[in-house]
Every structure is written in C-alpha cells, then in structure tokens.
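Student: Below are the structure tokens for one structure; questions will follow.
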Amino acid sequence: MRLTGSEIIMECLLREGVHVMFGYPGGAILPTYDAMAKYEDRLHHVLVRHEQGASHMADGYARATGEVGVCIATSGPGATNLVTGLATAMMDSSPIVAITGQVPIPAIGSDAFQETDVTGVTLPITKHNYLVTDVDELAYTMKEAFHIARTGRPGPVLVDVPKDIQNAVTEFIYPEGHLILPGYDPPAAANSHEIDAALRLIDQAERPIILAGHGIMMSGAMQEVRELAERAQIPVALTLLGKGALPEDHPLVIGMMGMHGEASSNLAIQEADLLIALGMRFDDRVTGNLKTYAVNARKIHIDIDRSELNKNVRADVGIAGDLKTVLKQLLPKLERKSHHDWIHQIRDWLEDSSERDILNYDTPGVLLTAQVINDIWRHTGGDAITVTDVGQHQMLEAQYYPHQRPSTLLTSGGLGTMGFGFPAAIGAKFGVPDEEIWAIVGDGGFQMTLCELATARQENVNVNIAIINNHFLGMVRQWQELFFEKRYQATPMVNPDFCKLADAYDIPNRRVTQRDEIEDAVAFARSINGPTLIEFVVEKEEMVYPMVPAGADLHDMKRRPKPGE
Amino acid sequence: MAQQPTVNKVTVVALVENEPGVLNRIASLFRRRAFNIDSLTVGRTHKPDISRMTIRVDAGPEYARKIANNLQKLVNVIDVRVIDNEPHIERDLALIKVRSDDAYSRNTLTEICDRYPARIVDVGPHVAIIEMVGTETFVEKFIDEVRPIGIIEMIRTGIVSMGRGTRIHDTSVTRRDLARAALQASAMRNGRIV
Ligand SMILES: Cc1ncc(C[n+]2csc(CCOP(=O)(O)OP(=O)(O)O)c2C)c(N)n1
Ligand SMILES: [Mg+2]
C-alpha cells in the first residue's frame, strides 16, 4: 500500500488503538490535517482552542484510561504551546504521544517561518522524542513512540514530522510484533535475594507503613497491595496521585500524606520503623525536610524507575521492577501479622484530626470549599471521576472527596499546573464516556484554559465544571497569610461573571452561594447531557490544614485550632 | 615510577547509539540533574553505529551509580557500566606546547621525556610540542615536571577507560537495524518487498 507520510501517521494511530486526537491545525501540519478527512469515521479529531488544552486533554484521556493520549499541533508556536502539557505529563508519568509539524527538511536550521527546534525544546520534558528525517522511518518511529510512551515508567513522547515527510510517498508497512530496543529495557521482576531482604524487614517491623503511590495504578497492582496490607496488617498512607489505589474506606487506609496530608499519616510516617514505598518517589511535598524524615524507619522502595531508588531517600532494600510482578513474587512468602498497638495509636491520632475537621465546626452564614466538595461527593454517590486544578480547592478535594476506585482522581501533582483541570476533564470524558466527570477548578486556574469552553460546547462534552470562586489565588494567599504577614500582593482577583461567560458559550449554568443550594445544583448538572458550569461563591480566606510549611519537618504541622482552643 | 592511586574518582562507561542529538541528550541530562562531571570523552568503537563514552566523576561510586541509572533511562544509551574497583586500563593523552628556546629548556625536556612515555612530536625554533599518554595521574605528574620550563599551550583529551578481561555488554546491532529488519520481515510476510 503506497501512502503519504500523513496517511501513514493516521494508519499508525489506528493500529495503536487510537480513536480520538486533540489538536489544532497550522501550515506545517496541514498535509496531516488533510489526510484526516479520509479517516474521519474511525479517528475523531477534537479541535481545541489552545494547544495547551490539547496536551492536557491527551493527558486526561491517558490518566482516565491508562491508554496513550494523542495531541497534535503545528510547528513553532503550535508546538511550543504544548510545552506545559508535556512537562505536566512528564512529571506525573502520563503516557501521551504528541505529533508536531515541522518546516520542510531543507528549511531546517534556516530560521524559516514558524521554525522552532522542538525536539531541542522538549528534550528535558519528554521521555523521548524524534525528528523524522526519512519517510521510510515514519512507521516504526510511530510504533516506537507508542511503545516507549506506555511501557516502563510511562511518559510523553513527541514526534516532530517535517512537512515534506508528511507529503512524501512510500510503501506503508507497519512493523509487527515486539520492537527490540537495545537501550530500552524496563525492569520487570526482582531477584530472590531482594525479595528475601524485603520479607526480612517486613517480618522484623513493629510499626510498618505502606506509602502507596501512583505507580500502583499504573502497574495495576491494586489487589496485590491490598493483600500485602491485609495479610501483614500494615496501615496504608496515600500520595496525592496514589488516591484510589485502595478504597479510602478500607480500614487500613489512613489517608493522604505530605504537606496537606492527614496529620495521622504524617505522624505515623515519622514514628514508623519501616516504610514500604510502592510506586512513589519521595517528592519534597510528601517528605518535608529530608534530614528529619522517618529517621527511625528502614525503607523498602519498589519502583519501576531505577533512578528513583536512593534519589531522595536511601533505601535499605531498593527494588527496581514492575510493582505487580514484584509483589506477586513476594506475597506467597509473606507471613500473617498483626500490629495491634500500632494501628491503635494511629486511630488515636485520627480521632484528634476529626475533632479539628472544619465540617464539624459551626460555621453559619459562610460557604466553605470543604463543604462544597464534600457535598459534591455525597450527591454524586462518591463515584464520579474528579479532575482538579491546582490550589486550595485541589488539596481540599483530596481531603474531602474520598475515592474508592483507581484512576478516579486526576490531578496535576508533580508540576502543579494551573489550567490543567478543565481540559484534562474533557480529555478524560472522551476516554471513559460512561463515567460521570467533574472538573473541580479554582477561579484562577480555570481562567487559564477557559477558552476550552468552546471545545466542550462544539463537541457537547458531558463534563460538569465546578468553579470554586474565592476571588483569590487562594493557595498563594494562604502562604501570604502565613509567611508574608497577610500582604496580599497580586492574589485578589476581580473575576468575570462566570455564569454570563457560560451563557456566552451557550453552556447551562448556576450560581451557588448557600450550602442548601448545593444538592439542587449538583442534580441540575447531572441532569444535563452536555457541559454545565456551576459557580460556587465561597469564603474568601479559607485555610487548608494541616500544613507542613515547605522544607519543615513532616511532623511540624500547622493545625487548625480545635473549637475553643 | 610508582603510579599513585587515584583518589575518589570513578569512571562511567556508556555505549551509545551514534545518532544525531545523542550527545545533546546526555549533556542535557547532566545539566538538568546538576551532575558534576570531571571529564567526558566520546569516540568511535569497532561498530560504526555505536560510540563509547567515558565519563569521569569526581565523587564516590554511589554518585556514579546515580549517573549511570539516569543514563540508562535514555533510549539511545545501550549500556552503562560503572568502573569502580574492577581492574581496568585507562589512558589520558596530553599535547603540551613548551618553551624550548635555549639549551637548558631543550635538555631538561629531553631528560624528562626519557623517563615518561612521552614523545617530542614537533620542534620549532622557540617551542616544542610534546605528546604524553598515560593514566590521568601519570599525565598530571608529567605536567608538573614540565611546568617549570614554561607551558605555552596545552590540551588533554580526558581519560578513556576499558575494563580488563570482563567485557562491557556489546550490542552489535542498533535499534535502527532492528527496526529495519522487523519492517523487512513483516514486508516479506505480507509478500511485499520494500
Ligand atoms: C501555571 C501556574 N502558575 C502559577 C502557579 C502558582 N500557584 C499555585 S496555587 C495558585 C493559586 C490558585 O488559585 P485558584 O486557581 O483560584 O485556586 P485556589 O487556590 O483559590 O483554590 C497559584 C498561583 C501554578 N501552580 N501554576
Ligand atoms: Mg481561587
């Protein structure tokens, strides 16, 4: 079959199981857009309003499905607009393939119109990238790109395709079978020595704790982690991206860890004598001061990325491998245990936390973000997929929307990218159309990518947008309140009328200012098959507690005072 | 002359695909992770598609392993090995332009070169160029001896290193070859010739 480079790209996408791509056209990618017409019935293109949106949509799609998300852009400014989304995906190990147009090969290096060295620009923020210089290499480059994006520690891969390559004609043959990449060989199993060493530490531990990360879901090791926890009676603390790895109502799950984690989780980590870190990378937002971090604990660290072992925290037993495979090796030899006193101790800490829970306070006349999120949880049966933006509302989501199933909280953790939430929610909906999707976004972050309202309208994407409007860049305001003597420099916002804005996009909307209006508004949003927007006007100066100040010891938390304290 | 043992220096050897941009990827990695590199050399191997890098690190083996683990993640890096305690051969080459405009300088130079594996490779009316090959420390020692005569210009290649006996994993085909082979194979299965 003789095809053009553009058609080869489409054929490759189909063979990789892609049904939808998010993109924006332009000169250097025009041949590929032209080829799309022929494939329209099998390969849907979603026209975004800004390429950043396309990259976040591909990311949201990937996070919701575990499959590779695809975005596409033209050369120069189109490609550079993808950068934030690629960096976001890189930090959170999200598999996406980005296809960019490039100026024709003879023009490369001449500062041609809309020429940017895109492979150069994206080098540090992609797992790998390619500049295709021969149409005969296009098919296997595409295949490699998908393979690298989805295997091992997943991540974004960019394929830069010059315009003349898109136009060139060649015989199309898709390489079958497995690719052999001599320099790419993600680890899989542990050796028996490593397994025995890990078992020995687990056996000796009196106060063990599992640190459950995103890798559990990417490896599909939910059941194995659960078995490990249950058989050896080990409490489980979750990272932000680890939420959903185990149902949060499981008696052994003690909640999120880190800067805005549960106090009980953080205290348990500091008191533990063994950390079992599974598919997490000891980010500074979860460790606080490394010098005082879990000093009494030995550490078992299992991660598919060998370079994560001993990066931030020294592991007594570090195993580079696929988590599910490694746990399957370990579980048959794992002894039953009980850690009565330890679990009891953590329960006491939990009790203290619930006394400080803002929901248990009497707060007449104000609408709190915590209340809004908890009520959305209640009125969605706790079963929606939530996609958050970044800020206070994100942390409060993590605290007040318990997740029972894997991959039901999609959030930018590593990069903390404002503007991620809304487009990622659109992408997620395309991946899992039968799920209920809520984009929970701040008034600040929403305004960074709100142009995608037009995309949601054009495609009639059934996402519910909950804007948490505190008229502030809330999280920054919180830092200013705590560390800069309430000098609110550049954080108060005069916002547009979000409901009028929704009207302009022909999107049904509501404004909520009282708690007793929440249930109705949620029901309204759920009743409409298409995008809806609800603006929740909340308390301006709410705080997220507990808080471990950046760089402080993990146990050194700022807590909300108890009533009467 | 006894060679001094090198203190606290570790070598990382990497086989990389000889493709455009690979050096850029490695340089970018070092910069991004703020890895401190003492010297880095790249050169051809007996396989035209594979280059070999020797990276000298002024730190302990744990640090070198960190670098190795990160290098290994690059798709174009075929294999990485930390040469720490294992027996190995290493060589550094220096070209040194020294003053040689009087009898004293010329005599001293000849005398020093006789005691080292060094050669005078070019002699002019005022200067001479010397080539010195040896381990890093040996080359340094030589330079120290020559220095009083008056060094005008100098370049060192940085060390190259090779483990003795045990061979570094050697891939004779590259990703590109394999991909082409796979393409060919599926073409043949489909009864087509590319
Ligand atoms: C693109 C980007 N710019 C700046 C920041 C820094 N930042 C983190 S949280 C935050 C405030 C977010 O405000 P808003 O979206 O209103 O959410 P809130 O905290 O009020 O819930 C800012 C500016 C960021 N994370 N991302
Ligand atoms: Mg806000």
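Student: Please arrange A:15, B:81 by counting, for each residue, the other beta carbons lying within 10 Å of its beta carbon, fewest first.
Tutor: On the way: A:15 15, B:81 19.
Arranged by neighbour count, lowest to highest, A:15, B:81 become A:15, B:81.
Student: Shifting gears a bit: Quick one: of the DSSP bridges fully inside the protein assembly as shown, what percent are antiparallel, nearest 5? Walk me through the numbers before you get to the answer.
Tutor: Details: 47 of 110 bridges.
For the protein assembly as shown, the DSSP antiparallel bridge percentage is about 45.
Student: How large is the convex hull of the C-alpha atoms of the protein assembly as shown per residue, in Å³?
Tutor: 204 Å³
Student: At 0.36 nm per residue, minus the direct Cα-Cα distance, what do residue A:540 and residue A:347 gain on full extension? Give it in nm, one decimal, please.
Tutor: Details: separation 193, 0.36 × 193 = 69.48 nm, distance 3.27 nm.
This chain segment gains 66.2 nm when fully extended.
Student: Report the antiparallel proportion of the DSSP beta bridges in the range A:2-171 as a percent, rounded to a multiple of 5.
Tutor: On the way: 3 of 24 bridges.
If I count the DSSP bridges inside the range A:2-171, around 10 percent turn out antiparallel.
Student: I want to verify the translational diffusion coefficient of the range A:281-428 in µm²/s; compute it with Stokes-Einstein, Rh as the Kirkwood radius over Cα pairs, at 10 °C and 1.306 mPa s.
Tutor: Values: Rh = 19.0 Å.
For the chosen part, D equals 84 µm²/s.
Student: Find the eigenvalues of the gyration tensor of the Cα atoms of the range A:358-537, then list the square roots of 5 times those eigenvalues as equivalent ellipsoid semi-axes, largest first, in whole angstrom.
Tutor: Values: eigenvalues 113, 67, 57 Å².
Its equivalent ellipsoid spans semi-axes of 24, 18, 17 Å.
Student: Which is farthest toward the positive dipole end of the range A:192-352 among A:235, A:205, A:331, measuring Cα position about the Cα centre, with Cβ charges +1 (Lys, Arg) and -1 (Asp, Glu)?
Tutor: A:331
Student: Using DSSP to call loops (not H, G, I, E or B), can you name the GluC sites (Glu not before Pro) in the range A:1-85 whose Cβ has at most 13 other Cβ atoms within 10 angstrom?
Tutor: Of the GluC sites (Glu not before Pro), the ones in loops of the range A:1-85 whose Cβ has at most 13 other Cβ atoms within 10 Å are A:40.
Student: Which pairs, out of B:47/B:97; A:243/A:311; A:38/A:143, put more than 27 Å between their alpha-carbon atoms? If you can, show how the numbers build up before the last one.
Tutor: Numbers: B:47/B:97 34 Å; A:243/A:311 23 Å; A:38/A:143 21 Å.
With Cα atoms farther than 27 Å apart: B:47/B:97.
Student: Separate question: Given 0.36 nm per residue, what is the gain on full extension from residue A:460 to residue A:112 after removing their alpha carbon distance, in nm? Let's see the in-between values first.
Tutor: On the way: separation 348, 0.36 × 348 = 125.28 nm, distance 3.81 nm.
Additional length available on full extension: 121.5 nm.
Student: Over the residues of the range B:89-156, compute the C-alpha Rg and express it relative to 2.2 N^0.38 Å. Write down the numbers at each step before the final one.
Tutor: Values: Rg = 11.0 Å, N = 68, 2.2 N^0.38 = 10.9 Å.
My calculation over the Cα atoms of the range B:89-156 gives 1.01.
Student: A further question follows. I'd like the distance between the alpha-carbon centres of the range B:133-158 and the range A:462-508, rounded to an integer number of Å.
Tutor: Value for the Cα centre distance between the two parts: 64 Å.
Student: Taking square-rooted eigenvalues a ≥ b ≥ c of the alpha carbon gyration tensor, is the range A:192-352 rounded, prolate or oblate, where a/c under 1.5 means rounded and, failing that, a/b exceeding b/c means prolate? Let's see the in-between values first.
Tutor: Working: a/c = 1.32, a/b = 1.16, b/c = 1.14.
Taking the square roots of the gyration eigenvalues as a ≥ b ≥ c, the range A:192-352 is rounded.
Student: Right, next: Can you tell me the length gained on complete extension of the stretch residue A:19 to residue A:383, counting 0.36 nm per residue apart and subtracting the Cα distance? It would help to have the intermediate numbers written out before the result.
Tutor: Details: separation 364, 0.36 × 364 = 131.04 nm, distance 2.56 nm.
Difference between extended and current length: 128.5 nm.
Student: Can you list residues whose amide H is under 5 Å from residue A:131's amide H, if they're 5+ apart or on another chain and H is modeled 1.01 Å from N?
Tutor: A:160
Student: Step through the residues of the range A:122-129 one at a time and calculate ³J(HN,Hα) from phi using the Karplus curve (6.51 cos²θ - 1.76 cosθ + 1.60, θ = phi - 60°), rounding each to whole Hz and writing x for Gly and Pro.
Tutor: Along the range A:122-129, the couplings run 9, 3, x, 10, 10, 5, 6, 8 Hz.
Student: Could you tell me whether the range A:102-154 comes out rounded, prolate or oblate from its Cα gyration tensor? Rule is a ≥ b ≥ c as square roots of the eigenvalues, rounded for a/c under 1.5, then prolate if a/b exceeds b/c, otherwise oblate. Please report the intermediate quantities before stating the final value.
Tutor: Values: a/c = 4.15, a/b = 1.57, b/c = 2.64.
Cα axes put the range A:102-154 in the oblate bin.
Student: What does the helix-only formula give at 222 nm for chain A: each DSSP H stretch with n ≥ 4 adding -39500 (n - 2.57), the total divided by the residues, and the result rounded to the nearest 500 deg cm²/dmol? Walk me through the intermediate numbers first.
Tutor: Values: 23 runs with 206 residues, N = 565.
Helix contribution divided over all residues of chain A: -10500 deg cm²/dmol.
Student: Now for a separate question. From the phi angles alone, apply the Karplus equation (6.51, -1.76, 1.60; θ = phi - 60°) to the range B:110-127 and give each ³J(HN,Hα) in whole Hz, x where the residue is Gly or Pro.
Tutor: 4, 5, 5, 4, 5, 8, 10, x, 10, 10, 8, 9, 7, 10, x, x, 10, 9
Student: Alpha carbon centre of the range A:213-243 versus the range A:376-422: separation in Å?
Tutor: One Cα centre to the other: 19 Å.
Student: From the square roots a ≥ b ≥ c of the eigenvalues of the alpha-carbon gyration tensor of the range A:1-133, which class results: rounded (a/c under 1.5), prolate (a/b over b/c), or oblate? The partial results should precede the final answer.
Tutor: Details: a/c = 1.62, a/b = 1.06, b/c = 1.53.
Note, shape of the range A:1-133 comes out oblate.
Student: Could you please rank A:498, B:35, A:484, placing first whichever residue has the fewest other Cβ atoms within 10 Å of its Cβ?
Tutor: On the way: A:498 22, B:35 18, A:484 12.
Fewest-to-most Cβ neighbours within 10 Å comes out as A:484, B:35, A:498.
Student: Of all chymotrypsin sites (Phe, Trp or Tyr not before Pro) in the range A:344-428, which ones are in loop regions per DSSP and have a Cβ with at most 16 other Cβ atoms within 10 Å? Walk me through the numbers on the way to the answer.
Tutor: Numbers: sites: A:349, A:361, A:377, A:400, A:420; in loops: A:361, A:420.
Answer by residue number: A:361.
Student: Another question, if that's okay. So if I place +1 on the C-beta of Lys and Arg and -1 on the C-beta of Asp and Glu, and nothing else carries charge, what would the dipole magnitude of the range A:92-223 be about its Cα centre? I want it in debye, nearest 20. Kindly include the intermediate steps, with their values, before the conclusion.
Tutor: Details: 7 positive and 17 negative charges, 103 e Å.
Approximately 500 debye in magnitude.
Here, each number is a calculation from the coordinates, and none is a lab measurement. Bear in mind that the values here come from a model prediction, so they are computed numbers and not experimental data. FYI the Cβ positions are ideal-geometry reconstructions off the backbone, even for glycines, and counts take in every protein chain you see.
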